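Following: one structure in structure tokens, then a few remarks.
Each value in this text was obtained by applying a stated rule to the coordinates, not by laboratory testing. The model shown is predicted, which means the values in this text are computed figures rather than measured ones. So basically every Cβ, Gly included, is an ideal-geometry build from the backbone, and we count neighbours across all protein chains shown.
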Amino acid sequence: DVKVTQSSRYLVKRTGEKVFLECVQDMDHENMFWYRQDPGLGLRLIYFSYDVKMKEKGDIPEGYSVSREKKERFSLILESASTNQTSMYLCASSPQGRRETQYFGPGTRLLVL
Amino acid sequence: GIQVEQSPPDLILQEGANSTLRCNFSDSVNNLQWFHQNPWGQLINLFYIPSGTKQNGRLSATTVATERYSLLYISSSQTTDSGVYFCAVEASYNNNDMRFGAGTRLTVKP
């Protein structure tokens, strides 16, 4: 079974803090994605990566950056957290050329005070 | 970008009832998926269905690409079907952009 894990299920941070969300997948997938989920808006793509050290902006990259130093790990970074970044963050992975088989992690609920 | 609309936003059923969830999209697509998010937040892929019909147990899905809609059918619903169902599409003109609808929240009562 494909396993996508995220470092925290719940996280509480203060405005201005630097926040790291980690995602690890164990199936040697090339593609990895970060989404945020907000009520009434569905999931929105923040960033994705097709290979190590490669990244592409999604719909809403502002206020976020990412890092992919190793194939299995994709990190989302909030350089200076703000209250409007309070959300559920979901990581996903998929094999190269097979976006239809996207596997999601359990999500991280981030609250920024 | 491509627009995705799901209906209804909320649905409450009695156990054993059937239901149909709809997903409308504004442009031609080369990828359409249905997902179920359980009450604990885990998203599971149900169907990859850019066109045609597929069935998996009590669930089936149909996409009519020429008319830009997809339907998810749930028959003999069970309480474990509760959660949010998302439709996600990838426009033919932009392979890097998968758009999710706002979801349909389904509650199945015993």
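Details
- Neighbour-count order for B:Ser92, A:Ser94, fewest beta carbons within 10 angstrom listed first: B:Ser92, A:Ser94
- A simple spin-label model places pseudo-atoms 7 Å from Cα toward Cβ; at B:Ala17 and B:Ser51 they are separated by 3.5 nm.
- Relative contact order of chain A, taken over Cα pairs closer than 8 Å and 6 or more residues apart, is 36 percent.
- Think of each Lys and Arg Cβ as +1 and each Asp and Glu Cβ as -1; about the Cα centre, that makes the dipole of the range A:4-92 roughly 240 debye.
- Which of B:Ile49, B:Ile44 has the fewest Cβ neighbours within 10 Å, and the rest in rising order: B:Ile44, B:Ile49
- Kirkwood Rh, Cα atoms: Rg over Rh of chain A: 0.94
- FRET efficiency estimate (nearest 0.05) - Cβ-Cβ, B:Thr107 to B:Tyr69, R0 25 angstrom: 0.60
- Annotation for the range A:29-74: GluC sites (Glu not before Pro) lying in DSSP loop with at most 14 further Cβ atoms inside 10 Å of their Cβ are A:Glu62.
- Cut-off 18 Å (backbone N to label point 7 Å along Cα→Cβ of B:Ser26), residues of the range A:19-44: A:40-44
- Candidate cross-link partners of A:Lys3 among the lysines, defined by an alpha-carbon separation under 22 Å and a same-chain spacing of 8 or more, comprise A:Lys53, A:Lys55, A:Lys70, A:Lys71.
- Net charge dipole, chain B: roughly 200 debye, given to the nearest 20, about the Cα centre with Cβ charges of +1 for Lys and Arg and -1 for Asp and Glu.
- 5 Å binning of all Cα-Cα separations within the protein assembly as shown, expressed as whole percents from 0 upward: 1, 7, 15, 19, 19, 17, 12, 7, 3, 1
- Volume of the Cα convex hull of chain B, divided per residue and given in Å³: 86
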